[in-house]
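The values are calculated or read from the model by the stated rules, or taken from the named source; none is laboratory data. Just so we're clear, the structure is a prediction, and the values are computed from it rather than from any experiment. Methodologically, a virtual Cβ is constructed for each residue, glycine included, from the backbone with ideal geometry; neighbour enumeration extends over all protein chains shown.
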Amino acid sequence: MRIYREYCPDQSFVLPPSLRDWLPEDHTALLVSDLVDELDLSDFHAAYENRYGKGRPPYHPVMMAKLLVYAYVIGEPSSRRIEKATYTDVAFRVLAANQHPDHDSIAEFRKRHLEAFSNLFKQVLKICEEAGLVKLGHVSVDGTKVKANASKHKAMSYERMCQTEKKLEKQIQELLKKAEDADAQEDQEHGKGKSGIDIPAELARRESRLGVIRGAKAALEEEAREKARDKAKEAQAKIEERERKEQETGKKVGGSKPKVPDPEQAVPDPKAQRNFTDPESRIMKDGASKSFEQAYNAQAVVDAHSQIIVAASVTQEANDKRQMVPMLQQVERNTGRKPKTATLDNGYFSEEALKDASLEGIDLYVAVGREKRQEEVEAAEGTVEVAEEATPGTAEVEGASPKPATLKEKMKEKLQSAEGKVIYALRKTIVEPVFGQIKGARGLRRFSLRGIESVGWEWDLICTTHNILKLFRSGQWKKA
């Protein structure tokens, strides 16, 4: 006769079990639970201060926060999947203490407390600093395109909007004429006011669509005017600089005088698009897949020591040119200090940004052109020594006095130096693996929310959970 271990699935527990015993002590869910217990969750509790006695009591915000943080840690942010997991996944069941919030409650909690979740970023970053995981000796800045919660097929160009607007206006007029003719005919048959027809559903549908298109069209037109205002300010600044130089030298500055555009006359590019599902998202080219997606540009500053994200943000701009200054400023706001060295790819290069006073004290290495392949670099190494013989910071022209080198030329020279090559080569090993871990390992390739503000807070939560994982894997959590 075979002897087995006892198996009684229908037997009730004699004593209440400890939920923690259902998981190994080093399980990520338990570590998340312990960490969240250490955080200041007063922002979550504040939302319920005036809700006593109104309807059913809400789920405990600490439990809901733990569920969502753990869901993002393992790359399963779907509210429906979280609800299901509270029944089928031991880790979620332990965190929920055998409660089962429905997906609507989970989605509403996340939406209501997005700003509170975003504020956890600094708290977790502080814990990482105390654990010695943040040094700020070398940081790298980069951006990645994260898909919006919207299909690119739900977008329309400005040119097509104008065409569709006219088409719908014509169709609405035709439908109204048909309705009027039908009313007149019924008046003759039944007497005036005796009977009639309602506005057809088709007419209402077209009027609704026309309203949506007009709203999107107006938004694109305002966007074009805003861009024109920015260009007008830049042009005016250049004109003032020309006038200042002419007064100082007494000579007329060469070149054509910048033209100041009139914002009120600005017209959107015919190909400019607006998405009807998430109007604040944009069509962007994904650097990895080379395909165009409805997306946002998610930015991150990563510390080289342990790949901790020390600053995070989201922008609607497809390129990174205007992101260097605000991202490095955010590092100082988050940590209270500036990084010693920062490396960035050529998408961030801007002479205006390099001159920004807030970046003084940071040793910047910003690529000025397309990065060369290794074989191209090796082939060019023989010419570096020759270039270095020239006087640093000057551009010599035969028969003329040396002119001061531009910031671009100085940066190029800095990157071509032996030290510059070594430092800049580290960039790809610092920031790019982080995006791989977020999008590849955890599968967080698409935002769950819509709108630039909500998406920005969700990106903070994604970056917070990245730092949580780094903290756990470093083995320094309990020591922090």
Being closer than 23 Å to His466 by Cβ and surrounded by fewer than 16 Cβ atoms within 10 Å (Cβ to Cβ) narrows Gly336, Gly361, Gly347 down to just Gly336
List, please: which pairs have Cβ atoms under 9 Å, are six or more places apart or on different chains, and start with a residue in the stretch 158-186 that is more than 30 Å from Val267 (Cβ to Cβ) and end with one that is modelled with pLDDT under 75 and basic (Lys, Arg)?
Leu175/Arg206; Glu186/Lys194
Given Leu95, Leu114, Leu125, which one is in contact with a Leu (Cβ under 6 Å, 6 or more places away or on another chain) and of a type outside the set (Lys, Arg)?
Leu95
Of all residues in the stretch 261-289 being among the hydrophobic types (A, V, I, L, M, F, W, C) and surrounded by fewer than 15 Cβ atoms within 10 Å (Cβ to Cβ), the one that is modelled with the lowest pLDDT
Ala288
Checking the conditions here, which among Ser151, Ser140, Ser118 is at pLDDT 95 or above and either assigned by TED's automatic domain parsing to the domain that holds Met324 or small (Gly, Ala, Ser) (or both)?
Ser140
Condition (residue is under 21 Å from Arg110 (Cβ atoms) and either modelled with pLDDT of 90 or more or surrounded by 16 or more Cβ atoms within 10 Å (Cβ to Cβ) (or both)) applied to the stretch 20-28: is it met by at least one residue?
yes
Within the stretch 39-65, of all residues that are charged (D, E, K, R) and surrounded by fewer than 13 Cβ atoms within 10 Å (Cβ to Cβ), the one nearest to the chain's Cα centre (by Cα) is Asp40
Looking across the stretch 237-293 at residues that are within 30 Å of Ser151 (Cα to Cα) and basic (Lys, Arg), the single one that is nearest to the chain's Cα centre (by Cα) is Arg282
(1) assigned to a helix (DSSP H, G or I); (2) surrounded by 15 or more Cβ atoms within 10 Å (Cβ to Cβ): which one isn't true of Pro77, the others all being true?
(1)
When you look at Asp320, is it surrounded by 14 or more Cβ atoms within 10 Å (Cβ to Cβ) and touching a strand residue (DSSP E or B) at 6+ places or on another chain (Cβ under 6 Å), yes or no?
yes
Pick out the one residue from Ala312, Ala353, Ala318, Ala288 that is in a strand (DSSP E or B) and of a type in the set (A, V, I, L, M, F, W, C).
Ala312
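If you go through the stretch 455-480 one residue at a time, how many are of a type in the set (Ser, Thr, Tyr) and either at pLDDT below 95 or in contact with an Asp or Glu (Cβ under 6 Å, 6 or more places away or on another chain) (or both)?
To start, the set of residues in the stretch 455-480 that are of a type in the set (Ser, Thr, Tyr) comprises 464-465, 474.
Checking which are either at pLDDT below 95 or in contact with an Asp or Glu (Cβ under 6 Å, 6 or more places away or on another chain) (or both) leaves us with 474.
Qualifying residue count, the stretch 455-480: 1.
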Under 7 Å by Cβ, and 6 or more places apart or on different chains, what pairs join a residue from the stretch 278-300 that is more than 25 Å from Gln330 (Cα to Cα) with one that is of a type in the set (Val, Ile, Thr) and surrounded by fewer than 23 Cβ atoms within 10 Å (Cβ to Cβ)?
Phe292/Ile283; Gln294/Ile283
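Being touching a residue at least 24 places away in the same chain (Cβ under 8 Å), among the hydrophobic types (A, V, I, L, M, F, W, C) and either under 30 Å from Trp477 (Cβ atoms) or out of contact with any helix residue (DSSP H, G or I) (no Cβ under 9 Å at 6 or more places or on another chain) (or both) is the requirement here; does Ala304 meet it?
Working: touching a residue at least 24 places away in the same chain (Cβ under 8 Å): yes; among the hydrophobic types (A, V, I, L, M, F, W, C): yes; either under 30 Å from Trp477 (Cβ atoms) or out of contact with any helix residue (DSSP H, G or I) (no Cβ under 9 Å at 6 or more places or on another chain) (or both): yes.
Criteria met by Ala304.
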So, in the stretch 82-111, exactly how many residues are surrounded by 15 or more Cβ atoms within 10 Å (Cβ to Cβ) and either aromatic (Phe, Trp, Tyr) or under 27 Å from the mean Cα position of the chain (by Cα) (or both)?
9
What single numbered condition from (1) more than 24 Å from the chain's Cα centre (by Cα); (2) touching a residue at least 60 places away in the same chain (Cβ under 8 Å) fails to hold for Leu125?
(1)
Got at least one residue in the stretch 255-273 being aliphatic (A, V, I, L, M) and within 30 Å of Phe435 (Cβ to Cβ)?
yes
